[in-house]
1. Could you tell me which of C290, G322, F352 has its Cα farthest along the dipole of the stretch 259-415 towards the positive end, charges placed at Cβ (Lys, Arg +1; Asp, Glu -1), taken about the Cα centre?
2. Taking just the C-alpha trace of the stretch 218-259, give me its Rg and Dmax in Å.
3. Treat every Asp and Glu Cβ in the chain as -1 and every Lys and Arg Cβ as +1, leave all other atoms uncharged, and give the resulting dipole magnitude about the Cα centre to the nearest 20 debye.
4. Give the Rg/Rh ratio for the chain, taking Rg as the radius of gyration of the Cα atoms and Rh as the Kirkwood radius, to two decimals.
5. Could you give the length gained by full extension between H120 and N143, i.e. 0.36 nm per residue of separation minus their alpha carbon distance, to one decimal place?
6. What is the magnitude of the charge dipole of the stretch 313-462 about its Cα centre, with +1 placed on the Cβ of each Lys and Arg, -1 on the Cβ of each Asp and Glu, and no other charges, expressed in debye to the nearest 20?
7. For the chain, take the longest principal axis of its alpha carbons; what is the angle in degrees between that and the long axis of helix 21-36, to the nearest 10 within 0 to 90?
8. Using Cα pairs closer than 8 Å and at least 6 residues apart in sequence, work out the relative contact order for the stretch 328-475, in percent.
Amino acid sequence: MSEQSRPRKPGKPYRRPQKDPVRMLAFEVLRAVDERDAYANLVLPPLLRRAREKEGPEKFDGRDAALATELVYGTLRRQGTYDAVIAQCVDRPLREVDPPVLDVLSLGAHQLLGTRIPTHAAVSASVDLARVVLGDGRAKFVNAVLRKVAQHDLDGWLERVAPPYEDDPEDHLAVVHSHPRWVVSALWDSLGGGRAGIEDLLEADNERPEVTLVARPGRSTAEELLREESAVAGRWSPYAVRLSEGGEPGAVDAVREGRAGVQDEGSQLVALALANAPLEGPDKAWLDGCAGPGGKAALLAALAAERGAVLLASEKQPHRAGLVARALHGNPGPYQVIAADGTRPPWRPGAFDRVLMDVPCTGLGALRRRPEARWRRRPEDLDGFAPLQRALLRTALESVRVGGVVGYATCSPHLAETRAVVDDMLKQYGDAVDLIDARPLLEGVPALGEGPDVQLWPHLHGTDAMYLALIRRVA
């Protein structure tokens with residue numbers, strides 16, 4: 001049937017759904033996150049790259065890429081809040097709503113409640129997306145739900161769906177700041193109490209982080225990177241440069257050539273603190289025992305080269321070891337990359353002067369960059385990581401010589417992954433190890449706590465919530 005002969009209801013002209021490439025791409029990323037447990041920061045960049053390379057109306061410009069990025073990350077960060085709102089606007093339990101429908105609804109809710117997109121445009125664009133990816137029937141459902149969502153702004157909805165703080169502080173914060181309740185509780189414990197601190201942290205987790213570059217010594221300099229448009233100096237690391245205004249690291253020559261990399265400033269500080277920790281005796285052999293994907297290893301290898309030392313970078317997963325090798329390629333001094341299980345190391349005990357063990361963890365310190373992790377992780381995951389974290393720290397302590405230093409690091413502030421692990425190893429090794437005060441090694445960085453270990457925070461330092469303990473082997 002031709003469009004001219006299509007029967008139409010009086011006053012209801014047929015309108016072909018508009019295929020919006022930006023929202024289609026955002027929907028595609030959300031489906032990958034939900035269906036394949038993918039991470040948006042891995043799925044989104046290649047899709048944006050392909051969209052920029054297209055010809056015709058589907059070709060992305062900078063504004064399109066920025067909107068797609070905001071739709072993806074904004075929706076994922078605020079998923080808990082939007083779920084609570086949508087649940088008030090549907091006639092069934094949320095778990096009975098098909099996941100693709102819920103993704104479209106969440107994208108629409110973010111446009112309505114989290115952006116400046118006009119209400120009529122947000123609803124219309126979401127309904128058009130629903131028609132394309134879901135069909136006309138479910139598009140009507142999307143339209144009805146989003147019109148209910150549009151009846152209040154975000155503050156108005158939070159008054160309706162979040163319990164009062166006085167009645168249930170943790171649930172209130174969980175809904176208002178879109179974190180699972182158990183994560184709110186764990187972060188609050190790590191901060192040591194106080195409403196202002198936890199609210200500041202949860203708000204910081206929902207902010208879009210700046211892209212931070214690292215100039216790898218001997219291959220690039222911060223001065224070179226600062227010549228890039230929108231580049232500003234890092235806050236704490238002498239090798240850090242931040243790209244403000246959504247700068248694209250792939251457009252930086254030094255990054256494309258491997259002379260610089262993308263690395264959070266907290267990660268840089270961990271590597272620098274270990275490299276600068278005072279040593280007794282020789283300083284020739286360094287180890288990164290959990291080196292993938294290679295950011296800290298590349299910085300350590302460059303610093304080692306400046307002193308005539310050699311870094312061994314070990315990573316259990318072969319494909320991640322490949323990423324490490326790529327990051328270290330071109331290092332100004334000798335290094336070695338191997339694929340090995342850090343709990344059953346192939347090197348002899350006491351072989352190293354400095355050892356970094358940045359252990360696998362829940363990743364609760366990087367929720368700005370991987371917002372989906374907050375919904376993917378469960379409290380029981382801690383039980384799975386605990387034995388591995390202790391085994392890897394034990395390896396580190398066995399691998400360093402007497403007088404050498406071990407850095408134990410996690411990208412999680414959860415006490416079960418930080419101080420609990422270190423305290424257990426200190427008890428086990430007794431007088432054979434000593435905890436070093438790490439705070440003076442992060443020169444100029446404020447609010448580092450009572451020590452001797454260090455916990456960085458997004459809301460205080462603008463970094464991921466990296467944890468570091470420095471341990472010297474004394475016997």
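1. Selected residue: G322.
2. When restricted to Cα atoms, the stretch 218-259 yields Rg and Dmax of 9.7, 28 Å.
3. Numbers: 61 positive and 67 negative charges, 368 e Å.
Once rounded to the nearest 20, the dipole reads 1760 debye.
4. Details: Rg = 24.8 Å, Rh = 24.2 Å.
Answer for the chain: 1.02.
5. Details: separation 23, 0.36 × 23 = 8.28 nm, distance 1.09 nm.
Between H120 and N143, full extension yields an extra 7.2 nm.
6. Numbers: 19 positive and 18 negative charges, 131 e Å.
Around 640 debye, computed over the stretch 313-462.
7. 60 degrees
8. After rounding, I find 27 percent.
The values are calculated or read from the model by the stated rules, or taken from the named source; none is laboratory data. Given the structure is predicted, the values throughout are model-derived calculations rather than measurements. So basically every Cβ, Gly included, is an ideal-geometry build from the backbone, and we count neighbours across all protein chains shown. Side chains are part of the model used for accessible areas, which takes the heavy atoms of the whole protein and leaves out ligands, DNA and RNA. Shrake-Rupley method; radii C 1.70, N 1.55, O 1.52, S 1.80 Å.
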